[in-house]
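The values are calculated or read from the model by the stated rules, or taken from the named source; none is laboratory data. As the structure is a computational prediction, the values presented were derived from the model and not from experiment. Quick reminder, even Gly has a Cβ in these numbers, built from the backbone with ideal geometry, and neighbours come from all protein chains shown.
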Amino acid sequence: QRVFSGWLSCHLPWPVSNNTKLYYCSAKEFAFRFKEKMSNSRQDQLQQDYPSAVRALNKLQSNAANLDQVLREKDARCGDKIPEMIRWAAKLDVTPADYNSLRVIHVTGTKGKGGTSAYAESILRCHGYRTGFFSSPHLVEVRERIRINGRPLSREQFAKQFWRVHGRLIGTCSAGEPEPAYFPFLTLMAVWTFLAEKVDVAIVEVGIGGRYDSTNFVSSPWVCAFSPLGLDHTALLGNSIAEIAWQKAGIMKPGCPSVTVYGQPEEGLAVLQSQSADLGCPLLIAPELNELPESLAGRLAPSQKANAALAVAVCRVWLRRARTDEALLEAGRGLVVKNPTEDSNDPLDLEACNRGLSLASWPGRYDVMPYRPGVTLYIDGAHTAESVSQAASWFANLQQGRIGAKKKLLFNRTGDRRPKDLLAQLVKLGFVQAAFCPNVVDSRSSSSSRSADLFSALASGDSSGIRLKVEENKTAYEQLDSQCDCRIFDSVAEALEWLVTDGNGSDEMQCDVLVTGSLHLVGCLYAMLAPQVADGETTGEARAIS
């Protein structure tokens, strides 16, 4: 039987183990059952492609009603989330120790955690390490969330790993046991993929908060990182910086060094320091970078410089652990975070560090995209009052010397953010036109192969609520600036079409359009103009809309 099982495992399209039960039957019955099984297997393979994976994944999203229930029960259920992740991981034969073996860099914060993660990934890759990177949200296609060596999984790779994980997790839970929702599923899939790909380091970006986030079932990360703290997701995390900092500080673990960006709000830093002292783990403050690679000098916004400085400090700590194989850094002593040019014993290679900073790409932040002659898009997915203010300053600085170019705005917001808090940061720029629309690529065209990647269950079935938010945006801006020509459109394509013409259907000769307020809005724009973002490419020049 053992020999025959081995032969079967080599010749059949489904797994056969040595414990597989074998039955005797007639040749006719065997032929019938074999043909049936082969047919089912081929059908499964036909259905297990990338579009099918995205559709199946979207079924795991929470709709608006479910989210309301989550908000009502959040305090009661918070403590269940990490044990649930461990139980689900066990179905994949993944333990917290397996997760720990990925030598995780765990990154949280309100603003800049994605950019910090991207810088850190690029720096370590340029040091010769094989990297895994889990981030959210995606811009164009969901596979962007899981990257190996800086590249998103291909559609084929994503589908392969998705269906393997799906087969073990969905439909296998006991009665009354919940199944993983969208983000927990992707977290588990990322860990599964990183283990399969044998990465040297996993850079894992927190989804929301940290303490009860799905990514936090890692019990012993190598380094934790804290990007700037601010007010966001207040319905889930709290209404003050201190409350939000407490949620973020939940990723700290005993003996695991943490690094925070310089310039944290005092009340947030105090919470981080208190948590650090309680757990007995060092908390380091990343210093500013005194020098930047020549290719970046003068190009980075202040927040990007802070993200880069945090990433450099985090990589320095990680490399010390990797190079010395220390299980625990000496708490509070012997670890001085310095600029790469100031420490002769620094494990960070200056050339590799600068190359990593220069090569790092994080679309959707401070992105300048030529659209057509005379028309340039300035793209930033800022979605908090502070980050929108930073985007406004960045846009204003780039406008210097652009005499005669008309300034225009494309805006949307998501979540529970108040429109005036965001739009008040933009009024001072003096836009002559402002377009407001939902996060829809083009309402005039039929569904494309990419539309499923941009599907949101929160928006599905709630068109009136989405429309109301767009109207609130327009009303708020008109109250702040009565001189601006403000209009509502059904999609990004229609809004952009209006913005880049002069009102009579002719192309504007000189026009600068700021696109901001939502990363999902930016994702719709990229899906239309720069779909190569899904493959990890830079945006470059926007392709023409047909």
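Values computed for the structure shown
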| read-out | value |
| --- | --- |
| Restricting the stretch 351-381 to residues that are β-branched (Val, Ile, Thr) and over 19 Å from the mean Cα position of the chain (by Cα), the residue that is farthest from residue 119 (Cα to Cα) | 375 |
| Test: residue in the stretch 396-414 that is of a type in the set (Gly, Ala, Ser) and crowded, with 21+ Cβ neighbours inside 10 Å | no |
| Residues located in the stretch 363-389, provided they are crowded, with 21+ Cβ neighbours inside 10 Å and farther than 22 Å from residue 493 by Cα | 387, 388 |
| Residue under evaluation residue 178, criteria (1) closer than 19 Å to residue 207 by Cβ; (2) touching a helix residue (DSSP H, G or I) at 6+ places or on another chain (Cβ under 6 Å); (3) modelled with pLDDT under 95, criterion not met | (2) |
| Pair list, Cβ under 9 Å, 6 or more apart: the stretch 492-510 residue surrounded by fewer than 19 Cβ atoms within 10 Å (Cβ to Cβ), other residue of a type in the set (A, V, I, L, M, F, W, C) and at pLDDT below 70 | 497/545 |
| Unique match (being outside the structural domain of residue 139 (by TED's automatic domain parsing) and modelled with pLDDT under 95) among 382, 322 | 382 |
| Residue within the stretch 190-199 that is at pLDDT 95 or above, more than 17 Å from residue 120 (Cα to Cα) and under 16 Å from the mean Cα position of the chain (by Cα) present | yes |
| Top-ranked residue of the stretch 161-188 - restricted to ones that are aromatic (Phe, Trp, Tyr) and closer than 18 Å to residue 48 by Cβ, ranked as surrounded by the most Cβ atoms within 10 Å (Cβ to Cβ) | 162 |
| Residues of the stretch 190-201 classified as under 18 Å from residue 92 (Cα atoms) and buried (at least 24 other Cβ atoms within 10 Å of the Cβ), total | 4 |
| The stretch 207-244, subset polar (S, T, N, Q) and not in a helix (DSSP H, G or I), residue surrounded by the most Cβ atoms within 10 Å (Cβ to Cβ) | 227 |
| Hits in the stretch 245-298 - residues which are farther than 11 Å from residue 226 by Cβ, part of a helix (DSSP H, G or I) and in contact with a helix residue (DSSP H, G or I) (Cβ under 7 Å, 6 or more places away or on another chain) | 246, 247, 250, 267 |
